[in-house]
Every structure is written in structure tokens, then in C-alpha cells.
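*Asks:* Sharing a structure below in C-alpha cells format, with a few things to ask.
Each reported figure results from applying straightforward, stated rules to the coordinates on display, with no laboratory input. Since the model is a prediction, treat every value here as computed from it, not as a measurement. Note: ideal-geometry Cβ built from the backbone for every residue, glycine included; neighbour counts use all protein chains shown.
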Amino acid sequence: MIYADNAATTKMSESAVNTMVSVANMSWGNPSSLYAYGQKAKEILERAREDISRIVGAEPDEIIFTSGGSEADNQAIRSAAEIGLKKGKMHIISSVFEHHAVLHTLEALKKDGFEITLLEVYENGIIITEEVEAAIKENTCLVSIMYANNEIGTIQPIREIGEICRKKKVLFHVDAVQAVGHIPVNVVEDNIDMLSASAHKFHGPKGVGFVYARKGISLSRLIEGGAQERGKRAGTENVPGIAAMAEALKESYEKMEDNASHLTKMRDRLIKGIGEIPHSVLNGDAYKRLPGNVNYCFEGIEGEALLLLLDDRGICASSGSACTSGSLDPSHVLLAIGRIHDVAHGSVRFSLGEDIEESDVDAIIQSVKEVVDYLRSFSPVWRDLISGKKQFIL
Ligand SMILES: *Cc1c(COP(=O)(O)O)cnc(C)c1O
């Protein structure tokens, strides 16, 4: 099997699995208990918090553990909205191609009376910093922009946007779920006030993540209950998962440069190979993108059919995000960068993992070429295109 869907989830690293098992076996006490056995779990929890905070440039007490990226996005955005509401500021700026954890939270806030501005992204899939600045109003309480897009991998000018938010005294939240563990992220250098991350996107376990909130920014609770996480997130902490997340993040950071340089080579090889297919287009900027992300549209085929046939050949990829597959709507991200419905439907995303080899990339290229040819051979849309009945778009 060639697993090329690391933006959906990653395989846990061996050391993350070992950490999880060993904490579950050896330190299963409740970190809120006062006896030594509970305090041992507490120590593990706090060491994980220190390790994670150091890696992203935060202080330990600026990190709150959550059940993953979605919860972190919800909590950060709702907290900023609540802070805004107290000051009578009810305008939020974000972008059309955010993850649904962000977009759906904003939709809910809209029903509560907040005004939401969603910035466009253009064909390269990158937010224009000046447009963020121009959109900020007297009553703007939050700007929320993702670090790197989960579908097309494009990396946003986070530091510059952060600088503008600082200047305008507007809170800046960053969904960094695709970035943390893969490219350098530092909340201080990047001028980030709030950040979301998720362990299973960097070889940690599923169901665990964290939200960073800069000192002085009060997080509101999504879950009521006990006083865990300084009263900001009730519920007995997932100590084995959190310890494994810290382990996975440390490992990712140690290997980041080597991994990124290898992945970039593999990515560019794949982009070049697939690019030889006629009437195809790379989605998102060719260079300002995550080291492992390749996303293409092909005219005259259905992405879902392509995926199934690739699966038959042992290749795991995705079309659109896992959250939207199963629905008939094409990806909101591909529509946002200007792909029309028909073209957006013919998309495939490969998100490569660090252990991918050149021979795997070549096998993917070969398979994609064959499968696209095969699907086109009986596609009525393709027939109309080559007979001239319909105009090619790509
Ligand atoms: C995966 C992902 C999320 C959601 O994270 P979960 O831990 O699966 O809840 C949020 N934002 C982005 C950009 C993602 O890729």
C-alpha cells in the first residue's frame, strides 16, 4: 500500500505508540488526585505541556489540551467572540477556504448576531495581506486565518497578517493543524494570539490536540465540569494521548528540516509527473505549499472514480477533504480558487508521508496516468470535449 493521505490523518510514530502504551500501563492515575500515584500522571501531563509550549514558542500556561483540532478551533473562535461581545465588537474576518471547524463555528456565531467577512482567495490559494487590513473595521474582534490549507496545502502569510492584527489591536487566531510538526510555527515570531493544533496530523494519536491562547486572553469553556486545564476545559485529561502527542511533536520537530527537504523533492517529482497529463491543473501555488501536498484537477473525469481505481491499485489518496466526501458538493476550497463545478469534481489530493520513496512516487504517477486515460475513454463529458461540442477549460 502507498499511503498518500497524510492530510486526513497520519500513522502514529512508533515512539508515540510506545509512549501512549507505557503511560496507560504505568501512570494511569488521575492527575487531579493528590496521592503520589495521581501526581505522577500530573507530572507527565505538565512535562508534555512544557515540551509542546517550548516547540511552538509559547509558555506552558498558555496551552490548553483539547480533543483535537476541531475543538481547539471552536474554543479559540468562541472565546474571541465572547471577548469581542463584551466590548461591543461583533465583526469577525476569516476566509472562504478555512476548515469546516472554523467555517461552521462562524456560521453559528452569525446566527447569534455576529457579522462575518470571509475573504476571497485567488487562483494561487493565498490570502492577500492588504485585503485583511482593508477588511478590519472599528468593531472587528477577530481575524482567523489558517496557516496552511488542508486541501491544496498553500501556506498563508501568517506573520504579516499577524503584524497587521497587532497594529490594529485585533485578536488573531490561526488554525495551524496542517502546519504544526511540518513547517516552522512560532507563536511569538508569527504574531499569533491563538492557535489550534491536532496530534493525529503529526503522527500522534487521534482525539487529542491543543489550543494556545496568549497570556491575557481569556478562553471561555466549551465544556462545563471540573477545574481541569485551569478551569478552561473540564474532564479528566487524556494523559496517555497527551504524552504521545508531545512525543510525536518533539520527533517531528527534530526531523523537520530533513523531512521537509525530502518531501519537497518527492512532491515536486509528483507534480511534474502528473502535470504531463493533458488538460490537468495543479491546484494552489506551486511553491508556497506544504512539503507533501499535491492537488490536481483533471478535466472530464470524476475524482471519486479516480480514487476508487487508485485504491484498487493500493494507493490511498483523497478528493476534497474527508469531511466533504460523501456529499455531492465539490470542495469549497476548489470552488474558492475559481475551479468551476465540473472541474472541481475531477480532483485528487496526495499528501505524502515522510517515508515515501521515489519508486512510490513513480508508481503513483504511472497509475494516475493510466486511470485518468481509462476513465476518459468512456466519459461522455470527455467525448464532448474532444469532439468540440464542449470547450476545454484546462
Ligand atoms: C484535520 C483538521 C482539523 C480538525 O482536526 P481534528 O483533530 O480532526 O478535529 C482542523 N483544521 C484543519 C486545517 C485540519 O486539517
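*Asks:* Could you check the spin-label model distance between residue 166 and residue 355? Points 7 Å from the Cα along Cα→Cβ, value in nm.
*Replies:* Output for this residue pair reads 4.1 nm.
*Asks:* Which net charge results when you count Lys and Arg as +1 and Asp and Glu as -1 among the other residues whose beta-carbon is under 14 Å from that of residue 43?
*Replies:* Neighbour charge sum, excluding residue 43 itself: 0.
*Asks:* A further question on this structure: How much length is gained on full extension from residue 14 to residue 227, taking 0.36 nm per residue of separation minus their Cα-Cα distance?
*Replies:* Residue separation times 0.36 nm, minus the Cα-Cα distance, leaves 73.4 nm.
*Asks:* What pairs from 110/288; 89/167; 272/389 go past 21 Å between their alpha carbons?
*Replies:* In this structure, 110/288; 272/389 lie more than 21 Å apart at Cα.
*Asks:* Report the Cα centroid-to-centroid distance between the range 340-394 and the range 1-76 in angstrom, as an integer.
*Replies:* Rounded to whole Å, the Cα centres lie 39 Å apart.
*Asks:* Under a plain spin-label model, where a point goes 7 Å from the Cα along Cα-to-Cβ, how far apart in nm are residue 135 and residue 123?
*Replies:* 2.2 nm
*Asks:* What FRET efficiency would be calculated for the residue pair residue 381, residue 335, taking the C-beta separation as r and a Förster radius of 30 Å, to the nearest 0.05?
*Replies:* About 0.95, to the nearest 0.05.
*Asks:* Of 173, 99, 279, which has the largest mean-square fluctuation in a 10 Å C-alpha GNM of the chain?
*Replies:* 279
*Asks:* If you don't mind, another one. Would you please give the residues with an amide H less than 5 Å from that of residue 390, counting only those at least 5 places away or on a separate chain, with H modeled from the backbone geometry?
*Replies:* Here the answer is 385, since their amide H atoms fall under 5 Å of that of residue 390.
*Asks:* Here's another thing I want to ask about it. Test of understanding: ordering 297, 316 by Cβ neighbours within 10 Å, fewest first, what list do you get?
*Replies:* 316, 297
*Asks:* Using only Cα positions of the range 137-295, each an equal point scatterer, no hydration layer, compute I(q)/I(0) via Debye at q = 0.09, 0.12, 0.17, 0.20 Å⁻¹ and quote the log10 values to two decimals.
*Replies:* Here log10 of I(q) over I(0) equals -0.37, -0.64, -1.10, -1.30.
*Asks:* Using a Förster distance of 51 Å, how high is the FRET efficiency between residue 389 and residue 22, based on the Cβ-Cβ distance and rounded to 0.05?
*Replies:* Plugging the Cβ-Cβ distance into 1/(1 + (r/R0)^6) gives 0.20.
*Asks:* Starting from the Cα of residue 232, draw a straight line to each of the lysines and keep only those under 18 Å, dropping any in the same chain fewer than 8 residues away.
*Replies:* Of all the lysines, those that pass the test against residue 232 - Cα under 18 Å, at least 8 places apart if same chain - are 42, 215.
*Asks:* Which of 53, 218 comes first, and how do the rest follow, when ranked by fewest Cβ neighbours within 10 Å?
*Replies:* 218, 53
*Asks:* With viscosity set to 1.002 mPa s at 20 °C, what whole-number translational diffusion coefficient in µm²/s follows for the chain from Stokes-Einstein and a Kirkwood radius over Cα pairs?
*Replies:* 98 µm²/s
*Asks:* Longest exposed-loop-site-free stretch of the chain, with GluC sites (Glu not before Pro), DSSP loop and at most 10 other Cβ within 10 Å?
*Replies:* Segment 1-137 is the longest.
*Asks:* Could you state the number of Å between the C-alpha centres of the range 220-283 and the range 205-219?
*Replies:* Each part's Cα centre sits 15 Å from the other's.
*Asks:* Per DSSP H run of n ≥ 4, the term is -39500 (n - 2.57); total these for the chain, divide by its residue number, and report the mean residue ellipticity at 222 nm rounded to 500 deg cm²/dmol.
*Replies:* Only helices count here, giving -13000 deg cm²/dmol.
*Asks:* Let me ask you something else. Roughly what would the spin-label model give for residue 217 and residue 43, points 7 Å off Cα along C-beta, in nm?
*Replies:* So the two model labels end up 3.3 nm from each other.
*Asks:* Listing 347, 261 from the residue with the fewest other Cβ atoms within 10 Å to the one with the most, what is the order?
*Replies:* The order, fewest Cβ neighbours first, is 261, 347.
*Asks:* Given the options 79, 377, 94, which has the most mean-square fluctuation in a GNM of the chain, springs set between C-alpha atoms less than 10 angstrom apart?
*Replies:* Looking only at 79, 377, 94, the largest GNM fluctuation is found for 377.
*Asks:* Then there is this: At 0.36 nm per residue, and after removing the present C-alpha to C-alpha distance, how many nm does the segment from residue 206 to residue 159 gain when stretched out fully?
*Replies:* 14.1 nm is the gain from fully extending residue 206 to residue 159.
*Asks:* Considering only 127, 77, 223, give the residue with the highest GNM mean-square fluctuation for the chain, with springs between Cα atoms whenever their separation is below 10 Å.
*Replies:* 223
*Asks:* Then there is this: For residue 369 and residue 108, what does the FRET efficiency come to when R0 = 41 Å and r is the distance between their Cβ atoms, rounded to the nearest 0.05?
*Replies:* Result of the calculation: an efficiency of 0.40.
*Asks:* Report the chymotrypsin sites (Phe, Trp or Tyr not before Pro) located in the range 106-176 that are in a DSSP loop and have at most 15 other Cβ atoms inside 10 Å of their Cβ, or state none.
*Replies:* Qualifying residues, ordered by number: 122.
*Asks:* If you line up the Cα atoms of the range 285-386 on their principal axes, what length do they span on each, largest first, in Å?
*Replies:* 40, 29, 26
*Asks:* What net charge do the residues around residue 368 carry, taking every other residue with its C-beta under 15 Å from that of residue 368, with Lys and Arg at +1 and Asp and Glu at -1?
*Replies:* Here the charged neighbours net out to -4.
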